[in-house]
Amino acid sequence: MLEAHRPFSGADQLFVELIEGLQQGEVGGDVLQLMALVTSLLMLFLLVLGVLLIQPRLSERCQLLPDRYVLTADEVAELPQGTLPVVLDRRLGQDQNDFRFRLLKLVLERSGTPFALCFSAAVQPQDEAIAALAEGQKAGRRHPLRLLVGVYGAGPEFNRRLRAVPILVTGGILGLRAGWTNQASLAELQTIRSLQDLQRIVLVQGLGWSDVEIFDRAGLRTYTARSEKWLRLVNDNRVQLFPRSVAELEAEDSVVTSLYPQMLLDPHLLIVYPFVGFFYVAPENAELAAAIHTGFVRVIADGSYQRLV
């Protein structure tokens, strides 16, 4: 038998006496009630802590939209024959006032094709959304959100896996990048004057984004993560900058303001590089691609696209 040679501390001795008392039936009812109360309080504390930790993720992924702006897989299946279903991949902070939603609605209205346009029922990481679109109708139950179209930065991998509608969605401003940062990083960001300076800090980008290859070739330190982690990484100051297109910042502002008290928009840096975004659909969805292309050409020709931008 092993023998302990370290004297018991006061807390250890009390614990041992409680255990021995329980074994011998000598612990009184008051002590048992106290132990039960302490255990209950500890469990309550752990429950509250767990809720606080997961609340930002739930809030990001389950932002509620009015039902008329969401189209589920069952509703897609019940659409009248001849109506083109259009389920837009929903991004963080997006609602019916988002530029991409409004542009797609305008384009489809001018296409001459009957359509039903809505967002997907929940925010989905971009790599999962791309996989769902690439599989198209073969995805089935593996991708229950029934995504049919998304707006993504153009790149060889996207063009290989999906069908692009090759007209610039944001008129070329996708390559103008301002960034979300942590208040603690502001002083360092203010000192950046060159690409070499920018290489000192850590940026965060999404999994599978075309921007990552651009940043890698520029020698930038880029950390990739799933969508539910982007803002939390910045808020916890684990990365110094989350560059976003200037067209995306307004949609994310309400999320940042309500959930991430340590974050703000960096006023010092504007990162600029050639970058464009297209509407992408499943490879076999020629009908939707044609409708978007036809409508897009028409809204550019009559000037309504320029007015929207």
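The values are calculated or read from the model by the stated rules, or taken from the named source; none is laboratory data. Please read these numbers as outputs of a predicted model, since none were measured by experiment. Backbone-built Cβ (ideal geometry, glycine too); neighbour counts: all protein chains shown. We work out accessible area using only protein heavy atoms, side chains counted, and drop any ligands, DNA or RNA first. Shrake-Rupley method; radii C 1.70, N 1.55, O 1.52, S 1.80 Å.
Tabulated results
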| quantity | calculated |
| --- | --- |
| The stretch 168-251, accessible area per residue, ligands and nucleic acids excluded (1.4 Å, Å²) | 43 |
| Amide hydrogen neighbours beyond the local backbone of Val202, cut-off 5 Å, H modeled | Gln240, Leu241 |
| Whole-Hz ³J(HN,Hα) from phi, Karplus 6.51 cos²θ - 1.76 cosθ + 1.60, for the stretch 288-299, glycine and proline x | 5, 4, 5, 5, 5, 4, 4, x, 5, 4, 5, 6 |
| For the stretch 212-229, Karplus couplings with θ = phi - 60° (6.51, -1.76, 1.60), whole Hz, Gly/Pro x | 4, 5, 5, 5, 4, 5, 7, x, 7, 8, 10, 9, 9, 8, 6, 4, 6, 9 |
| Euclidean distance between Cα centres, the stretch 188-246 to the stretch 62-122, Å | 31 |
| Estimated inter-spin distance, Arg217 and Asp74, nm [label 7 Å along Cα→Cβ] | 4.7 |
| Built amide H within the under 5 Å cut-off of Leu84, gap 5+ | Phe115, Ala116 |
| Computed lengthening from Arg161 to Ser194, 0.36 nm per intervening residue step minus Cα-Cα distance | 8.3 nm |
| Cβ crowding within 10 Å averaged over residues, with 149-160, 297-308 ranked highest first | 149-160, 297-308 |
| HN-Hα J in Hz across the stretch 112-121 - Karplus 6.51, -1.76, 1.60, θ = phi - 60°, x for Gly and Pro | x, 9, x, 8, 10, 10, 8, 7, 5, 5 |
| Rounded FRET efficiency, nearest 0.05, which uses the C-beta distance separating Ile173 from Val297 and R0 of 22 Å | 0.60 |
